[in-house]
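The next block holds one structure in the form of structure tokens; read it before the comments.
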Amino acid sequence: MKALFKKALLAALLATSVSAQAEDLQLRIAYLRGPTDLALAKENGSLDRALAKEHVEVKWLGPFAAAAPAYEALNAGALDVTTGSSTAFVTAIAAGSPLMFFAYQAMPADGEGIVVRDDSPIKTIQDLKGKKVAVNKGGTGEYLLSRALQTAGIPENAVKKEYLSPADTGTAFVGGHVDAWQSGTRT
């Protein structure tokens with residue numbers, strides 16, 4: 001009888017614990033600076049409302065300047081989920097980070113490219129030689145620039161890569177501190 005009582009008490013405590021965990025569950029989400037789906041969900045509160053119905057409290061962390069630092073925080077256990085480019089993800093897992101992705105959103109081909117100002121003398125990929133091109137280190141922009149240069153037969157060191165966070169790139173581009181911007185996300 002005493003053993004049965006202990007088992008029943010243990011089962012009750014376990015059930016209470018599971019119930020309390022369900023009510024008190026917190027999801028730490030990192031969002032990036034810029035127009036990402038998670039940043040939009042944070043802004044309009046839609047994810048908070050949807051998860052609150054499931055007894056999940058959302059704790060927003062950020063904004064992070066780019067995917068790479070968000071992935072570092074994820075790897076360190078400081079957050080539970082984030083978004084970012086597939087290139088930055090591949091770079092992180094290649095470096096040994098034990099990350100996993102569970103959703104993917106394809107980007108349209110016309111949402112990525114090399115951007116120059118209207119009055120720029122740069123008209124072709126060949127014109128980038130000796131020019132400063134803003135890219136996000138280890139991100140999709142750097143990967144796409146490398147591929148474009150390779151396809152055109154231009155050595156990578158013929159272009160000066162300016163490593164900037166996505167949030168800083170627009171200001172540098174508009175201010176004329178870089179000659180071009182290899183966009184790896186919608187601009």
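The values are calculated or read from the model by the stated rules, or taken from the named source; none is laboratory data. None of the values given here were measured: they were computed from a predicted structure. The protein model used for the area step is the full one, side chains on, heavy atoms only, and it has no ligands, DNA or RNA in it. Shrake-Rupley method; radii C 1.70, N 1.55, O 1.52, S 1.80 Å.
Things worth noting here:
- Computed log₁₀ I(q)/I(0) - Debye formula, equal Cα scatterers, no solvent, the chain, q 0.12, 0.16 Å⁻¹: -0.69, -1.02
- Note on segment 99-171: Cα Rg divided by 2.2 N^0.38 Å, N the number of residues, gives 1.21.
- Surface exposure of segment 48-106, expressed per residue as accessible area with a 1.4 Å probe, stands at 62 Å².
- Working from Cα pairs under 8 Å separated by at least six residues, relative contact order for segment 84-187 is 38 percent.
- The count of lysine pairs in the chain with alpha-carbon distances below 13 Å, taking only pairs 8 or more places apart or on different chains, stands at 10.
- Rounded to 5, the percent of DSSP beta bridges in the chain classed as antiparallel: 20 percent
- Most mobile of Tyr71, Tyr163, Tyr31 in a GNM of the chain (Cα contacts under 10 Å): Tyr163
- The mean sequence distance of close C-alpha pairs (under 8 Å, at least 6 residues apart), as a share of the length of the chain, puts its relative contact order at 21 percent.
- Highest mobility in the GNM of the chain, judged by mean-square fluctuation with C-alpha springs under 10 Å and restricted to Gln126, Gln105, Gln26, is found for Gln105.
- Split the accessible area of the chain by element, probe 1.4 Å, and carbon with sulfur accounts for 59%.
- Contact order, relative form, for segment 131-181: 56 percent (alpha carbon pairs under 8 Å, 6 or more residues apart, mean separation divided by residue count).
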